[in-house]
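A short write-up of the structure that comes next.
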Amino acid sequence: MPAPALSVTDLALSLGTRRLVHPLTFSVEAGECVALLGASGSGKSLTASALAGSLPDGITATGTITFAPGTPRPTRAAFISQDPATALNPLVPVGRQLAIPLLAAGSSRAEARTEAARLLSQAGIGEPARILPCYTGQLSGGQLQRVCIALALACGSPVLVADEPTTALDAVTQLKVLETLRGWGADGRSLLFITHDLTAAAALCTRAIVMEAGRIVEQAPMAELLQDPQHPYTRRLVTAAAA
């Protein structure tokens, strides 16, 4: 059996002596799309930050995060935050931001520009050549989210952690972003989709991990979780989604 794309063992996160996330153990297989579900304050976004190597100041981590051997970026996952406007630099054109990881990987400037346009197209951006010279203030929320997906592709990681990527978007744009994320699984890449929206998770993911108060309370295939949730908190999530 091949190694999981991502393995998390006893990951715990603390602020001083206060435990925010209790030891978590889970894995994501190559090409798998997994939902990490929970309400605000459940610890899911802190977990995402740990996987991306970008914990807030003062937060300490223990435990082990392991990526499959031979991955291009073995120490962290690519990351999409719930607020793409703050994740991107407003003073630097989109094309230059996309070029940074490509240049670091050895591409020439001409190659980086061509590849940046290709990645924007792959992420669902029409007319990518027109978007490359734009600044973030010139783009819509949906465009910014897809630029972040293109940037994740440019980073070369086989694992993407998407933290509430559709929360601030209108319904039409949400559908477009979900469709773009669906394409991440091509070539065996893996997705951890962090959300409180069970409907969006069910449309995208085949398995779910449910967190409450910093702990994993249930893990199950998505269809099984929707039909027969075991934990009281999961039952509340399913009931609310069906209402």
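Here, each number is a calculation from the coordinates, and none is a lab measurement. Only a predicted model underlies this, so the values are computations on that prediction, with no experimental measurement involved. Reconstructed Cβ throughout: ideal geometry from the backbone, glycine too, with neighbour counts over all protein chains shown.
Tabulated data
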quantity	calculated
Simple Cβ-charge dipole of the chain, Lys/Arg +1 and Asp/Glu -1, about Cα centre, in debye nearest 20	420 debye
Segment 84-156 - Rg and Dmax from Cα coordinates, angstrom	10.8, 31
In segment 127-198, the chymotrypsin sites (Phe, Trp or Tyr not before Pro) that fall in loop regions by DSSP, at most 16 other Cβ within 10 Å	Tyr135
Karplus (6.51, -1.76, 1.60) ³J(HN,Hα), θ = phi - 60°, over segment 8-16, in Hz, Gly and Pro reported as x	10, 10, 6, 6, 10, 10, 9, 10, x
Sequence-distant residues sharing a close amide H with Leu20 (under 5 Å, placed H)	Leu13, Ser14, Leu15
Karplus (6.51, -1.76, 1.60) ³J(HN,Hα), θ = phi - 60°, over segment 113-125, in Hz, Gly and Pro reported as x	5, 4, 5, 4, 5, 5, 5, 4, 5, 5, 7, x, 8
Sequence-separation-based contact order of the chain, relative, with Cα cut under 8 Å and 6+ spacing, percent	27 percent
Segment 1-132: Cα Rg divided by the 2.2 N^0.38 Å rule of thumb	1.24
nm² value of the averaged projected area, convex hull over the Cα atoms of segment 176-221	3.6 nm²
Packing-based ranking, highest mean first, of 143-150, 53-60, 217-224, 154-161 given that Cβ atoms within 10 Å are counted	143-150, 154-161, 217-224, 53-60
Charge dipole magnitude, Cβ of K and R +1, D and E -1 - segment 69-186, Cα centre, debye nearest 20	340 debye
For Leu36, residues with placed amide H under 5 Å, excluding near neighbours	Phe193, Ile194, Thr195, Ile209
Stokes-Einstein translational diffusion, the chain - Kirkwood Rh over all Cα pairs, 1.567 mPa s, 4 °C, in µm²/s	70 µm²/s
